[in-house]
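To keep things clear, I will list the structure first and then write my remarks on it.
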2 protein chains.
Amino acid sequence: MESVERVLKGDRLALARLLTQIENEEPSGLEALSTLYPHTGRAHRIGITGAPGTGKSSLVNRLALHLRQNGWSEQTDSEAESVAIVAVDPSSPFSGGAFLGDRIRMRDLYGDPGIFIRSMASRGALGGLARATVDMVEVLDAAGFAVILIETVGAGQAEVDIARMAHTVVVVDAPGLGDDVQAIKAGILEIADILVVNKADLPGAENTLRALQLVLELAGTAQRTNPDAKAENAASKTVWQPPVLPTVAIQGDGIAELAQAIHNHREHLDLSGEYAVRERARVRNEMEDLLRQQLMAGFLAHQPESTFEDALAMVLAKKKAPRQAVRELIEGRNG
Amino acid sequence: MESVERVLKGDRLALARLLTQIENEEPSGLEALSTLYPHTGRAHRIGITGAPGTGKSSLVNRLALHLRQNGWSEQTDSEAESVAIVAVDPSSPFSGGAFLGDRIRMRDLYGDPGIFIRSMASRGALGGLARATVDMVEVLDAAGFAVILIETVGAGQAEVDIARMAHTVVVVDAPGLGDDVQAIKAGILEIADILVVNKADLPGAENTLRALQLVLELAGTAQRTNPDAKAENAASKTVWQPPVLPTVAIQGDGIAELAQAIHNHREHLDLSGEYAVRERARVRNEMEDLLRQQLMAGFLAHQPESTFEDALAMVLAKKKAPRQAVRELIEGRNG
């Protein structure tokens, strides 16, 4: 397939076209994805998430610039990494959602051939968005990008889905986002490998840093007192302690430290064997998703449209519960 | 079934037990749900969503109290409504997530027999949470609660799911939640029937109110210049214009106006015929969801576990793309 060859050779136009085909779920795009799949598995996939107002986009922007200019580590002579950015955030300036003012200097990124930016068109159903994002990240991986930054807005299923497709999850916070913001951390901490307090020059930054540290310590204590977790930790050689890093993204402060922390996390994943565990969980989840989707399509294709509509009418009339109606649909006894 | 009888008679203990069974997806609970289903369809289901820090929980609390004391409207002699609260928000004090300080006086609600509060245990997968919430709301509806308040944290799939199961969606905002918060409104506005600016006594409240009004006007203009939307609006007798209401929930300010607006929206739904349209879309979506889930369970039950595991191994070895492997699984040719 010609377009696949061109994507593998680094043709940006072919890449952009293929991504659009995949976003639109065109058969040609999905076929190309199958052909590209053996070339995947080399990119470091990094999810960057957090509430609106934390400055995620600036952080992603600066991190991409840093990786292009300095690579992962300032100590080593590491090479500049090619970076793809996928913005799955309706509030991101990358995805064109920030219509009330885009304060980020996007021109720093545009024009650099080592950076590729793709924003997801905002849709009603975030489920389809997550599905398309998975496929697009695979294509970017096959296309040879060393780093894929996946930016998404915090909270909800989309975030969990993004976390599932990333090797390293960076959760971004900022001071002054309201009283009960701390509370949400309980859920987010479960998926965070690295915590960032952006806008660390604002008043209250010290409190936010301390609060996150406190929550992490509490979580650490809980883990230590859980015998199962203990045994598991002993089995893996090292235990990852999520660092809490202050940054001021718009000034570039703390970005080198963030890059270093991400690099350290990747090394931890490789050394501890957790990389393989995460990959396995990610692929299993993706396949289960596809199986559900394809079984549904196959089922509906093999019967008249009226069958489902009749069952729907019965439920709307409260004559049957949804679960019962669906069971009867599958067993082929309706009416 | 005895437990069903008891739930229909208003037995709170039986209700709480049934909800737990349903949350745990126990067969007895799902069977009871089928028996209860013909009794559903009377409750007004209200989704209340917004970012952390907006004071959603206080608002829900106050709204519930108001409905108990005054009913929907201060003008009429409306009866006090029985209210159920379902908290699907990890940061909500109802769901026990706000471990860094619960500032809301919950005792105002506890002890009132006309109020029932249920929080969803926080889980890794919000998908399962949304599924269980749907079922639990059906049970509360059948149990005779006139109003069901579903509180959820803003952004993401969970929010969209909650919006799908609600008749009226209230989106809560607050001043001072950061620069790019406005941007996210683009997505949230699509699901909002009523907008609330809580903490309206804080500096910046006027700006937030104006910004939301502006966004609504822009959205209104877009609708008017779209000929399809125009025709559709002409067909339905009235067009709902989402109001933007200031509140100070902890002082109870603006709560009566919010209750009135929700009541007005429900009247609009009934008069315009949109109620039936929403119900149809909601039930259709729920049935498709169940169909996917049950087809998957049925498929996996009819073959050895190793079949799926073998396919997974092929994908992990990059020998097959996930989509291809799943297609072959369904067609029964593996290896």
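All conditions in (1) closer than 30 Å to residue A:314 by Cα; (2) at pLDDT 85 or above hold for residue B:88, with the sole exception of (2).
Which one of A:214, A:189, A:202, A:218 is in contact with a Phe, Trp or Tyr (Cβ under 9 Å, 6 or more places away or on another chain), within 14 Å of chain B (Cβ to nearest Cβ) and either open to solvent by less than 70 Å² (accessible area, probe 1.4 Å) or modelled with pLDDT of 65 or more (or both)? Step by step, each of A:214, A:189, A:202, A:218 is checked, and only A:218 is in contact with a Phe, Trp or Tyr (Cβ under 9 Å, 6 or more places away or on another chain), within 14 Å of chain B (Cβ to nearest Cβ) and either open to solvent by less than 70 Å² (accessible area, probe 1.4 Å) or modelled with pLDDT of 65 or more (or both). Does any residue of the range A:51-68 turn out to be within 14 Å of chain B (Cβ to nearest Cβ), at pLDDT below 60, at positive phi and under 21 Å from the mean Cα position of the chain (by Cα)? No, because not a single residue in the range A:51-68 is within 14 Å of chain B (Cβ to nearest Cβ), at pLDDT below 60, at positive phi and under 21 Å from the mean Cα position of the chain (by Cα).
Restricting attention to the range A:69-80, does a residue exist that is assigned to a helix (DSSP H, G or I), open to solvent by 10 Å² or more (accessible area, probe 1.4 Å) and modelled with pLDDT of 70 or more? Yes, the conditions are met somewhere in the range A:69-80. List, please: which pairs have Cβ atoms under 7 Å, are six or more places apart or on different chains, and start with a residue in the range A:13-34 that is hydroxyl-bearing (Ser, Thr, Tyr) and end with one that is open to solvent by 10 Å² or more (accessible area, probe 1.4 Å)? Final answer for the pair search is A:28/A:21; A:34/B:323; A:34/B:324. In the range B:234-326, counting only helices (runs of 4 or more DSSP H) that sit wholly within it, the ones holding 3 or more residues that are within 7 Å of chain A (Cβ to nearest Cβ) and surrounded by fewer than 20 Cβ atoms within 10 Å (Cβ to Cβ) span B:274-301.
The values are calculated or read from the model by the stated rules, or taken from the named source; none is laboratory data. Since the model is a prediction, treat every value here as computed from it, not as a measurement. Every residue, glycine among them, receives a Cβ derived from its backbone with ideal geometry; neighbour counts consider all protein chains shown. For the accessible areas, the whole protein counts, side chains as well, though only heavy atoms, and no ligand, DNA or RNA atoms are used. Shrake-Rupley method; radii C 1.70, N 1.55, O 1.52, S 1.80 Å.
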